[in-house]
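Undergrad: Here it is, the structure in full.
The values are calculated or read from the model by the stated rules, or taken from the named source; none is laboratory data. Please read these numbers as outputs of a predicted model, since none were measured by experiment. Ideal geometry is used to build each Cβ from the backbone, glycine not excepted, and the neighbour counts take in all protein chains shown.
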């Protein structure tokens, strides 16, 4: 009887072992399948980003030669830049901020943003447009920039309230010479505890800038712009 019980126990152990192995094998298969799917998704995202970047670079050249009467809101590139930014954020989340491919794409995106700033300033002057520019400098290091994520939410909200607002975001620590030149040209102080940084027109704000503060500043800037537009119209009428 004892031998029979031992035999039954061994059979139970073997069944439990088989079930356990089956569960682990199924989990590994599912995990591998999800990982492969994620890799494919990231690869497709990367391919689309390269196409979007090439498309934007071509649009920059076309817009430079476009007559003022043909320039509309649809011809501005803010939405395309926003789309690329969202794809880049997805890749940062999927591959990590230190991934070499992510850093490479971030450099290309930063170059596009700087090119867009220069183009918009040129078009604004040529066609009497008055977009409002915000340059936002952040860090992916949470210890270096505790409020960067919160600042991003504020800028997303404020962008919806001000259609003429053009927001450009840059990784302050990105190894890119033209970005370093931009930072130097804007006289941004290089010291600890300064991030996030906002450049709103000619004014620099170090540390977190609340939505209340921006909501007070932007109407004043819009008012100044409108007053300048009225003065220009009066001067043109006198001529």
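Undergrad: If you check residue 212 against the conditions, is it part of a helix (DSSP H, G or I), at pLDDT below 80 and either more than 16 Å from the chain's Cα centre (by Cα) or in the same structural domain as residue 89 (by TED's automatic domain parsing) (or both)? Break it down into steps so the answer makes sense when it comes.
TA: Values: part of a helix (DSSP H, G or I): yes; at pLDDT below 80: no; either more than 16 Å from the chain's Cα centre (by Cα) or in the same structural domain as residue 89 (by TED's automatic domain parsing) (or both): yes.
Judged against the criteria, residue 212 is not a match.
Undergrad: Right, here's the next one. List every residue pair whose Cβ atoms lie under 6 Å apart, where the two residues are 6 or more positions apart in sequence or sit on different chains, the first residue falls within the range 99-120 and is free of Cβ contacts under 8 Å to residues at least 24 places away in the same chain, and the second residue, located anywhere, is surrounded by 15 or more Cβ atoms within 10 Å (Cβ to Cβ) and assigned to a helix (DSSP H, G or I).
TA: Within 6 Å, the pairs are 102/91; 102/92; 102/95.
Undergrad: Does residue 137 fit the bill of being within 15 Å of the chain's Cα centre (by Cα) and assigned to a strand (DSSP E or B)?
TA: It is true that residue 137 is within 15 Å of the chain's Cα centre (by Cα) and assigned to a strand (DSSP E or B).
Undergrad: Out of all the residues in the range 43-52, is one or more at pLDDT 70 or above and under 13 Å from the mean Cα position of the chain (by Cα)?
TA: Within the range 43-52, not a single residue is at pLDDT 70 or above and under 13 Å from the mean Cα position of the chain (by Cα).
Undergrad: Now, a different point. Before we move on, is residue 98 at pLDDT 80 or above, in a loop (DSSP other than H, G, I, E, B), surrounded by fewer than 17 Cβ atoms within 10 Å (Cβ to Cβ) and outside the structural domain of residue 157 (by TED's automatic domain parsing)?
TA: Answer is yes for this residue.
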